[in-house]
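Okay, structure first, notes after.
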């Protein structure tokens with residue numbers, strides 16, 4: 001992983017934990033014993049991963065580090081990077097037209113999925129799936145697809161503008177967990193982050209009053225609406241850019257969020273300029289584990305240079321979206337499930 005700072009920030013992103021090779025190898029071996037397919041038998045997979053934890057298969061040093069995240073100031077430090085985490089090796093390339101279906105057919109090991117499930121249990125942050133996204137899969141892919149390559153979704157081939165995951169969905173995740181699976185450094189593809197609090201600090205009191213008004217509109221995300229979703233979400237609501245779900249909440253999708261009054265329209269370009277001025281870029285390598293606290297930061301995928309177009313087409317990050325507590329979201333669950341959101 002390389003980190004590039006575009007501006008001189010008050011906040012920096014640095015790796016906070018790294019598995020030793022011995023720790024990673026041992027945990028990969030343990031996770032390889034999980035037999036339940038997480039795409040067909042998610043609850044069984046989650047249970048088997050929990051058994052590994054109960055049996056002491058997880059390095060104590062890692063457990064202690066995860067415990068420190070409970071007291072973390074998410075507003076001040078909304079991104080966590082860990083290195084050398086367990087993940088699958090020698091996974092075949094997926095079909096560009098049907099990468100998800102191809103993954104089901106050719107991916108026979110589930111080490112990265114097991115690590116993500118394990119981390120969710122250690123951090124007490126349950127993973128969720130959405131009926132409209134990959135038919136409810138909990139484990140999703142940042143992996144290009146031909147039909148959606150020009151979209152602003154995790155299946156885009158090139159850039160994805162600044163956003164936070166599912167910002168105007170009725171169930172917004174509190175965390176996004178990502179494991180780097182395949183990337184080629186000849187392609188300069190970065191995941192870029194900005195803290196909400198730094199964005200707020202960049203505006204005057206008068207501008208903040210405008211940004212906290214319901215004078216902005218953002219359409220629903222492409223993956224929920226273009227991915228063959230089974231639930232119609234209707235029309236997105238008017239909303240504030242700052243506030244809504246807390247004083248530091250930032251609800252904005254670059255090049256998609258628009259103002260509905262003249263004053264609101266005029267301030268949107270400054271917001272986009274501020275994000276690019278404050279961003280930090282992270283190059284996610286295989287074995288990198290990145291946490292973004294979704295309500296305290298905003299992120300983008302930036303493609304600065306393509307040296308190998310074929311390798312860009314197979315860049316892969318596997319992810320889950322997670323919540324701190326399922327209780328507020330139970331009314332939105334598909335009946336009979338404890339993790340699947342009906343939308």
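Table: residues versus (1) surrounded by 15 or more Cβ atoms within 10 Å (Cβ to Cβ); (2) in contact with a strand residue (DSSP E or B) (Cβ under 7 Å, 6 or more places away or on another chain); (3) modelled with pLDDT under 95.
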residue: 2; (1), (2), (3): no, yes, yes
residue: 6; (1), (2), (3): yes, yes, yes
residue: 10; (1), (2), (3): no, no, yes
residue: 20; (1), (2), (3): no, no, no
residue: 26; (1), (2), (3): yes, no, no
residue: 32; (1), (2), (3): no, no, no
residue: 37; (1), (2), (3): yes, no, no
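All of 118, 122 fail the test of being surrounded by 22 or more Cβ atoms within 10 Å (Cβ to Cβ), at pLDDT 95 or above and more than 16 Å from the chain's Cα centre (by Cα), apart from 118. Here residue 129 meets the list (1) touching a helix residue (DSSP H, G or I) at 6+ places or on another chain (Cβ under 8 Å); (2) modelled with pLDDT of 95 or more; (3) farther than 26 Å from residue 195 by Cα; (4) not in a helix (DSSP H, G or I) almost entirely, failing just condition (3). Tell me yes or no: at least one residue of region 149-160 is in contact with a helix residue (DSSP H, G or I) (Cβ under 9 Å, 6 or more places away or on another chain) and within 25 Å of residue 122 (Cα to Cα). No, because not a single residue in region 149-160 is in contact with a helix residue (DSSP H, G or I) (Cβ under 9 Å, 6 or more places away or on another chain) and within 25 Å of residue 122 (Cα to Cα). Considering only region 106-116, I want to know if a residue exists there that is without any contact (Cβ under 8 Å) to a residue 40 or more places away in the chain and part of a helix (DSSP H, G or I). So far as region 106-116 goes, yes, one or more of its residues are without any contact (Cβ under 8 Å) to a residue 40 or more places away in the chain and part of a helix (DSSP H, G or I). For residue 199, are the conditions met, namely being crowded, with 20+ Cβ neighbours inside 10 Å, on the phi < 0 side of the Ramachandran plot, at pLDDT 95 or above and part of a helix (DSSP H, G or I)? Answer is yes for this residue. Name the residue that is nearest to the chain's Cα centre (by Cα), counting only residues in region 158-183 that are modelled with pLDDT of 95 or more, in a loop (DSSP other than H, G, I, E, B) and surrounded by 20 or more Cβ atoms within 10 Å (Cβ to Cβ). My answer is 173. Counted as qualifying within region 280-343 are the strands (runs of 3 or more DSSP E) with 2 or more residues that are in contact with a helix residue (DSSP H, G or I) (Cβ under 9 Å, 6 or more places away or on another chain), namely 289-293, 297-305, 316-322.
If the condition is being over 30 Å from residue 314 (Cα atoms) and within 19 Å of the chain's Cα centre (by Cα), then region 184-220 contributes only 196. Against the definition (surrounded by fewer than 18 Cβ atoms within 10 Å (Cβ to Cβ), modelled with pLDDT of 95 or more, at negative phi and assigned to a loop (DSSP other than H, G, I, E, B)), how does residue 186 come out, yes or no? Considered against the rule, which asks whether it is surrounded by fewer than 18 Cβ atoms within 10 Å (Cβ to Cβ), modelled with pLDDT of 95 or more, at negative phi and assigned to a loop (DSSP other than H, G, I, E, B), residue 186 comes out as yes. If you go through region 135-153 and keep only what is within 15 Å of the chain's Cα centre (by Cα) and either in a helix (DSSP H, G or I) or under 18 Å from residue 291 (Cβ atoms) (or both), you end up with 138, 139, 140, 141, 142.
The values are calculated or read from the model by the stated rules, or taken from the named source; none is laboratory data. All of these numbers come straight from a predicted model, not from anything done at the bench. No Cβ is skipped: glycine too gets one built from the backbone with ideal geometry, and neighbour counts run over all protein chains shown.
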